[in-house]
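Presented below is the structure to which this report refers.
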Amino acid sequence: MENMGGLNMLDLSFYKNKRVLVTGHTGFKGTWLCRILVNAGAIVTGYSLEAITNPNLFELADISSKMNSIIGDIRDFDKLKKVFDEFQPEIVMHLAAQPIVRDSYKEPKYTYETNVIGTVNVLECVRLTSSVKSFLNVTTDKVYLNDDIPNHPFKEDEPLDGYDPYSNSKSCSELVTHSYKKSFFKDRDCSISTARAGNVIGGGDFANDRIIPDCVRAIETGKDIIVRNPHSTRPYQHVLEPLYIYLEICEKQYGNKSFEGYYNVGPDDCDCVTTGNLVDMFTISWGNNLTWVNKFDGGPHEAAFLKLDNSKIKEVFGWTPRWHINDTINKICEWTKVYLNDKKSIPLEMDREIEEFFNRK
Ligand SMILES: NC(=O)c1ccc[n+]([C@@H]2O[C@H](COP(=O)([O-])OP(=O)(O)OC[C@H]3O[C@@H](n4cnc5c(N)ncnc54)[C@H](O)[C@@H]3O)[C@@H](O)[C@H]2O)c1
């Protein structure tokens, strides 16, 4: 591993004409990622299920005509392999997953099949496709064995053993990646990494059971925001923060295995807030007397406390978080105002945010 120190050196022009395969491209993070890649001149193929929410960011972002969007199930190995054979990607970013903790309690088998066998399928395709030089598996901060010890930020070498089926399936997805890396890629010109990101928020997330979408739905219906777990602490960060580091990992490790690794991607301590604090900030930034209520609904176990130690990405990539939590909340409110007033301007608003974020010196 090389210590870059100092300034972050990400140069998006690296992606110009690179063949990039993104799984989960119709999702919240995948859509933002594809928009960045398409803007950078990459040749992008996406592989995932249709977007399930209505509205959804993939449609609003208007990128399907600028990339090759393939609808398929990550559990369907033959279909996925055909895509690898035809597209011959150089970079693969694996985001497709069943990502909701509560849904994983309702559908544990589907969650494991998608998140674990799906990862095996993608890695098997990478193993069988010599064009791939850089692979990133996007997992989560929830992969760690979490005993709710207050103020304990997880480091990358701590035990992986998520509690609920979502978190645990992502721990398994990590382990699968570690085994593939050691077993098949030691002598291959292809770098393998994972990134464990904290809770991601931003404009355009319409998923159920996530706090920012709940805020936006409350605005649309004129009701109070319902907050289930106001005292849970989470490493909240703007969606562009982890995407920046995913792009950086894939770029730096392309042709340079010293950048391979398992990386936490989280905000600084000052930006790890409780969900109640987050919603307070949102209501202040939004104005219009928006209010929230505390309604714990006795749902299944979710960790009360979650923080990541982000010193490794700082040391390796010279990375620092760009938008603090207040900036992030303000951006989400700006995005939401565009969404409510003029949906056709969403692509422009996304590009404006991307430009501002990536060009910040
Ligand atoms: N949003 C967060 O706070 C967060 C935090 C940490 C990690 N992550 C991880 O980031 C990735 C993207 O999350 P997101 O927030 O964009 O979620 P999302 O639900 O918006 O997107 C998930 C994507 O995966 C695809 N998908 C789901 N099941 C599939 C299947 N069986 N076959 C093919 N495609 C399938 C969906 O079609 C969609 O494109 C996931 O791996 C998630 O675990 C998200």
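Coordinate-derived values only; no laboratory data. Since this is a predicted model, take the numbers as computed values, not measurements. Heads up, the Cβs are rebuilt from the backbone with ideal geometry, glycines too, and the neighbour counts pull from every protein chain shown.
Across q = 0.08 Å⁻¹, the chain modelled as identical point scatterers on its alpha-carbon atoms has Debye log10 I(q)/I(0) values of -0.36, in the order of the q list. By how many degrees, between 0 and 90 and to the nearest 10, does the Cα long axis of helix 211-221 differ from the longest principal axis of the chain? It works out to around 50 degrees. In the range 185-252, the alpha-carbon atoms span a convex hull of 116 Å³ per residue. Between helix 77-87 and the chain there is an angle of about 70 degrees, using the helix long axis and the longest principal axis of the Cα atoms. Relative to one another, the C-alpha centroids of the range 309-343 and the range 187-253 are positioned 10 Å apart. The helix-only estimate of mean residue ellipticity at 222 nm for the chain, built from DSSP H runs of length n ≥ 4 each weighted as -39500 (n - 2.57), is -12000 deg cm²/dmol after division by the residue total. Take the convex hull of the alpha carbons in the range 272-361; its mean projected area over all directions comes to 8.5 nm².
In plain terms, if you count all Cα to Cα distances in the range 25-67 and split them into 10 Å steps from zero, the share in each step is 31, 60, 9 percent.
Spatial offset of the range 126-170 relative to the range 283-300 amounts to 30 Å, using the alpha carbon center of each. In summary, the range 224-267 shows an alpha-carbon radius of gyration equal to 1.70 times the 2.2 N^0.38 Å reference for compact globular proteins.
Pairs exceeding 22 Å between alpha-carbon atoms, taken from Lys155/Lys314; Lys79/Lys344; Lys133/Lys252; Lys79/Lys343; Lys223/Lys295; Lys81/Lys142: Lys79/Lys344; Lys79/Lys343; Lys81/Lys142.
Considering all projection directions equally, how large on average is the shadow of the alpha-carbon convex hull of the range 41-103, in square nanometres? One quarter of the hull surface, i.e. the mean projection, equals 5.3 nm². Between Tyr110 and Asp342, the simple label model (points 7 Å from Cα in the Cβ direction) yields a spacing of 3.9 nm.
Mind checking the angle between helix 346-358 and the chain's longest principal axis? C-alpha axes, 0 to 90 degrees, to the nearest 10. Between the helix axis and the principal axis of the chain, the angle is about 70 degrees.
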